[in-house]
Amino acid sequence: MKNNASPLGIAIVGCGMISEFQSQAIQALGGARLAGFYNRTPESAHRRARQFGAPAFERLEDLLASSEVDCVSICTPSGAHLEIALLAARASKHVIVEKPLEITPERVDQIIAACQKAGVLLGAIFPRRFQESSRALKQAIDRGRFGRIVLGDVHIKWFRTQEYYDTGVWRGTWKLDGGGVLMNQGIHGIDLLQWCLGGVAEVSAFTSTLAHERIEVEDTATVAVRFHNGALGSIEGTTGAWPGAKMRLEVCGSKGTAVLEDDVIVTWKFDTEEPQDEEIRRKHGPREGLPDGGAADPRGISFEGHRRQFEDFVRAVQTGTQPCCSGLDARGSVEVICAIYKSAREGRPVRLTTR
């Protein structure tokens, strides 16, 4: 490991689309540097290496043995995170993983235990937690400004073509995707909802595959939710809603209501106005020229959320503290989604086992 004054060397394993956003985010940091790429298909790693000026590794073993690598960022298909994370932890490398951390709580727990045993940090990529509007919402909830929260809802009405699924052999499979719209796309909104409202206690769900062919998993889901704080809510998700809409998150309470569309606050109202409220509406309210947040195109996102999250992770390594989104934090959304799948499969409400 490098001393705290040296830039953190971050190597990326898995060189698909999201690795490009991660690479841009890492290069934009002052306290980190790209330390290399590895992919099962070597040409993919060499392509990213040429693009970003970092070495390509032909073997994962060589990447993990390199003294230039302090941290491994895992960007492989979701169901292939576990094995790489275990190897990285055993090699004493810090680990950060693209969402979801893994596709079942049991596999997540194995990663958490391995990193704890090795004494390395574990983080999970959830960029929406690092948006200023999300932080403002979380702070307002924690301060009790909503009074008694009665409803928390998230709507992910996105669109993906059939070609999107056909061009990735792992997409739409239980083994490697871990699920459909909920585990792949909707997990961002589900994570944000359960993080803000303090966790999900019970779900009752319907799922179906309505708009696509040749996939094993759901492309449409509706879920009734009961939170630990007693509030009720709902989750809607689909990749079959052309042309795709921004992710919408709503929190309603006895003293206030807030609505976010991606990182834009479209409603911010409380029975008692505070001085900062108008500034929050001005700074984070609707404005022209914003991206669609991946609603119709998975590349239609900014790397700014990733940059902020890597910045937080580098700070955690340097200070010996936990990152803002640790492995344990990231477990919650996986448990919620797996409970939803169980509810839909068994036709009954499912209580979550942890809080």
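One line per residue, one yes/no per condition, for (1) in contact with a helix residue (DSSP H, G or I) (Cβ under 6 Å, 6 or more places away or on another chain); (2) at pLDDT 95 or above; (3) not acidic (Asp, Glu):
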residue	(1), (2), (3)
160	no, yes, yes
163	no, yes, no
167	no, no, yes
186	no, yes, yes
208	no, yes, yes
211	no, yes, yes
217	no, yes, yes
222	no, yes, yes
227	yes, yes, yes
Report task. Report whether or not residue 238 is in contact with an Asp or Glu (Cβ under 7 Å, 6 or more places away or on another chain), modelled with pLDDT of 95 or more and surrounded by 16 or more Cβ atoms within 10 Å (Cβ to Cβ). Result -> yes
Query raised in the report: For residue 323, which of the numbered conditions (1) in a helix (DSSP H, G or I); (2) under 27 Å from residue 75 (Cα atoms); (3) touching a strand residue (DSSP E or B) at 6+ places or on another chain (Cβ under 7 Å) fails to hold?
Result: (1)
Query raised in the report: Taking the stated definitions as given, is residue 350 surrounded by 18 or more Cβ atoms within 10 Å (Cβ to Cβ), in the same structural domain as residue 105 (by TED's automatic domain parsing), touching a residue at least 24 places away in the same chain (Cβ under 8 Å) and of a type in the set (A, V, I, L, M)?
Result: no
Query raised in the report: Would you call residue 177 modelled with pLDDT of 95 or more and closer than 19 Å to residue 265 by Cβ?
Result: no
Requested in this report: Give just the number: which of (1) in contact (Cβ under 8 Å) with a residue 24 or more places away in the chain; (2) farther than 26 Å from residue 95 by Cα; (3) assigned to a helix (DSSP H, G or I) does residue 342 not satisfy?
Outcome: (1)
Query - segment 132-152, subset surrounded by 20 or more Cβ atoms within 10 Å (Cβ to Cβ) and of a type outside the set (A, V, I, L, M), residue nearest to residue 267 (Cα to Cα) - result: 133
Requested in this report: Considering every residue within segment 272-292, establish whether at least one is outside the structural domain of residue 228 (by TED's automatic domain parsing), closer than 28 Å to residue 253 by Cβ, hydroxyl-bearing (Ser, Thr, Tyr) and surrounded by fewer than 16 Cβ atoms within 10 Å (Cβ to Cβ).
Outcome: no
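Quick grid of which residues meet (1) touching a Leu at 6+ places or on another chain (Cβ under 7 Å); (2) among the aromatic types (Phe, Trp, Tyr); (3) closer than 24 Å to residue 103 by Cα:
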{"position": "20", "(1), (2), (3)": "no, no, yes"}
{"position": "53", "(1), (2), (3)": "no, no, no"}
{"position": "58", "(1), (2), (3)": "no, no, no"}
{"position": "68", "(1), (2), (3)": "no, no, no"}
{"position": "71", "(1), (2), (3)": "yes, no, yes"}
{"position": "78", "(1), (2), (3)": "yes, no, yes"}
{"position": "83", "(1), (2), (3)": "no, no, yes"}
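With respect to residue 107, is the statement that it is part of a helix (DSSP H, G or I), within 17 Å of the chain's Cα centre (by Cα), in the same structural domain as residue 295 (by TED's automatic domain parsing) and surrounded by fewer than 22 Cβ atoms within 10 Å (Cβ to Cβ) true? Don't jump to the end; show me each part of the working.
Working: part of a helix (DSSP H, G or I): yes; within 17 Å of the chain's Cα centre (by Cα): yes; in the same structural domain as residue 295 (by TED's automatic domain parsing): no; surrounded by fewer than 22 Cβ atoms within 10 Å (Cβ to Cβ): yes.
In short, no.
Are there helices (runs of 4 or more DSSP H) fully within segment 116-217 with at least 1 residues that are without any contact (Cβ under 8 Å) to a residue 60 or more places away in the chain and within 18 Å of the chain's Cα centre (by Cα)? List them.
Numbers: elements: 132-142, 162-166, 187-197.
Passing ranges, in order: 132-142, 187-197.
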Report summary line: Taking segment 221-234 and keeping residues surrounded by fewer than 21 Cβ atoms within 10 Å (Cβ to Cβ), out of contact with any Ser or Thr (no Cβ under 6 Å at 6 or more places or on another chain) and in a strand (DSSP E or B) leaves 222, 226, 227, 232, 234
Query raised in the report: Does at least one position in segment 294-311 carry a residue that is among the hydrophobic types (A, V, I, L, M, F, W, C), under 25 Å from residue 234 (Cβ atoms), modelled with pLDDT of 95 or more and touching a strand residue (DSSP E or B) at 6+ places or on another chain (Cβ under 7 Å)?
Result: no
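The values are calculated or read from the model by the stated rules, or taken from the named source; none is laboratory data. Everything quoted here is computed from the prediction, not taken from an experiment. Don't worry about glycine lacking a Cβ; one is built from the backbone with ideal geometry, like all the others, and counts go over all protein chains shown.
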